[in-house]
Amino acid sequence: MKQHVDISHLSWYQTPASARYFVSFEGDNIEEIRAAVKFIQEMKLPILTIAGGRNSLLAFDEYSGLVIYNSSEGYNLGFDRQLSVLSGQSIWDLAEALENDHGIDLWHRFQGLPGSVGGAVFGNAGCFWLEIGPYVTSIQILDMQTGEIFSKTGEVMNFAYRWSECKNHPEWFILSIDFDLSELREKYASEEEPLLWRERVQPVWLSCGSFFKNPSREQSAGSLIEAVGLKGYHHGGAYFSEKHANFLMSDGTATWQELTELITMAQEKVREQFQIQLEPEVRIIRI
Ligand SMILES: Cc1cc2nc3c(=O)[nH]c(=O)nc-3n(C[C@H](O)[C@H](O)[C@H](O)COP(=O)(O)OP(=O)(O)OC[C@H]3O[C@@H](n4cnc5c(N)ncnc54)[C@H](O)[C@@H]3O)c2cc1C
């Protein structure tokens with residue numbers, strides 16, 4: 001375990017941030033993680049898990065507790081398309097490997113999805129209407145309060161739009177996930193080619209993807225942000241993209257204060273004009 005580690009690069013907004021305590025999960029060092037967690041629990045300090053940082057805004061200067069960075073990688077494709085994956089594995093790389101090395105194109109849409117498999121399961125990431133949740137058969141979890149390791153089935157995770165039961169359990173650290181890839185499970189089909197679609201509609205630079213959840217299938221967060229005049233609007237180094245209004249961006253200089261002020265501004269304006277409360281899809285981590 002290290003102390004006072006710079007973690008600015010761990011969130012894709014790259015706001016200046018450090019961790020009072022820091023440890024990296026590499027897949028085979030569970031005992032080290034357990035010991036670090038026990039020490040932090042005894043000091044009654046908080047614990048933050050971060051992997052790709054593609055869905056996390058670090059809204060602090062120094063995190064007062066322990067940051068567990070998940071750098072574990074690897075997968076095993078077994079009989080009958082049963083897949084086991086370490087939680088820090090890049091989902092984009094995995095989707096490519098499944099298609100190119102194993103002839104399985106079920107997760108073609110996840111090519112271009114930044115971040116880890118654990119992060120994707122945590123928030124039930126999806127591209128068009130292909131979500132990761134329906135493929136989960138079981139999740140191996142380290143309970144950071146008790147130090148126990150146990151499994152949960154996919155059914156009890158209550159996967160829904162950008163939601164899993166993990167969000168109710170900040171004490172759960174996802175170690176690995178098992179998936180059943182024997183058949184395609186998607187809500188609606190789409191002909192869009194994921195990488196070309198992303199190039200066409202999404203800005204490239206420092207963002208965490210779509211910032212707010214869409215209030216409904218008919219009403220997108222981006223259209224509401226545009227309607228209240230914030231598309232392309234800059235606040236210090238933070239701005240909503242001209243290309244996609246629901247992409248909250250940093251020009252490389254944005255502080256977490258500028259980003260969160262712009263978020264609040266968008267929420268207030270949308271609430272005033274449309275009586276709709278925009279809910280972040282990106283996790284804003286405060287201390
Ligand atoms: C350009 C861009 C495009 C995007 N497009 C999409 C898209 O089309 N669809 C979509 O759904 N998302 C999209 N995203 C968001 C992002 O790719 C996903 O949310 C991704 O799954 C996040 O993974 P991560 O490893 O970066 O998560 P992180 O940001 O590291 O973590 C996200 C959350 O998961 C928790 N977490 C992570 N790992 C674990 C673990 N092992 N155990 C317990 N908790 C954990 C963290 O504590 C945090 O709360 C996009 C992001 C970007 C930057």
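The values are calculated or read from the model by the stated rules, or taken from the named source; none is laboratory data. None of these values were measured; they are calculated from a predicted model. When we count neighbours, we look across all protein chains shown, and the Cβ atoms used for this are built from the backbone with ideal geometry, even at glycine.
Things to note:
- Scanning the stretch 215-229 for residues that are at pLDDT 90 or above and either surrounded by fewer than 14 Cβ atoms within 10 Å (Cβ to Cβ) or closer than 13 Å to residue 274 by Cβ (or both) yields 215, 216, 219, 220, 221, 223, 224, 225, 226, 227, 228, 229.
- Subset of the stretch 124-156 that is surrounded by fewer than 20 Cβ atoms within 10 Å (Cβ to Cβ) and assigned to a helix (DSSP H, G or I) - its residue that is farthest from the ligand (Cβ to nearest atom): 155
- Residue 93 vs. criteria among the acidic types (Asp, Glu) and over 20 Å from residue 123 (Cβ atoms): no
- When restricted to residues that are closer than 14 Å to residue 253 by Cα and in a loop (DSSP other than H, G, I, E, B), the stretch 1-14 contains 4.
- Condition met for residue 207 (under 26 Å from residue 160 (Cβ atoms), out of contact with any helix residue (DSSP H, G or I) (no Cβ under 8 Å at 6 or more places or on another chain) and small (Gly, Ala, Ser)): yes
- Test result for residue 150, in contact with a helix residue (DSSP H, G or I) (Cβ under 7 Å, 6 or more places away or on another chain) and aromatic (Phe, Trp, Tyr): no
Let's see how each residue does on (1) at pLDDT below 95; (2) within 13 Å of the ligand (Cβ to nearest atom); (3) not assigned by TED's automatic domain parsing to the domain that holds residue 120:
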{"position": "33", "(1), (2), (3)": "no, yes, yes"}
{"position": "36", "(1), (2), (3)": "no, no, yes"}
{"position": "41", "(1), (2), (3)": "yes, no, yes"}
{"position": "48", "(1), (2), (3)": "no, yes, yes"}
{"position": "59", "(1), (2), (3)": "no, yes, yes"}
{"position": "63", "(1), (2), (3)": "no, yes, yes"}
{"position": "66", "(1), (2), (3)": "no, yes, yes"}
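- Scanning the stretch 178-208 for residues that are at pLDDT 95 or above and either within 30 Å of residue 141 (Cα to Cα) or in the same structural domain as residue 129 (by TED's automatic domain parsing) (or both) returns 178, 179, 180, 181, 182, 207, 208.
- Cross-chain or 6+ apart pairs with Cβ under 8 Å, the stretch 152-164 first and on the phi > 0 side of the Ramachandran plot, then surrounded by 11 or more Cβ atoms within 10 Å (Cβ to Cβ) and in a strand (DSSP E or B): 162/126
- The stretch 33-61, residues that are exposed (fewer than 15 other Cβ atoms within 10 Å of the Cβ), charged (D, E, K, R) and more than 14 Å from residue 173 (Cα to Cα): 42, 44, 61
- When the strands (runs of 3 or more DSSP E) confined to the stretch 163-274 are screened for residues that are in contact with a strand residue (DSSP E or B) (Cβ under 8 Å, 6 or more places away or on another chain) and away from the ligand (no atom under 12 Å from the Cβ), those reaching at least 3 such residues are found at 172-180, 238-240.
- Qualifying residue in the stretch 133-156 (condition: closer than 23 Å to residue 280 by Cβ, in contact with an Asp or Glu (Cβ under 8 Å, 6 or more places away or on another chain) and either of a type in the set (Phe, Trp, Tyr) or not assigned by TED's automatic domain parsing to the domain that holds residue 28 (or both)): no
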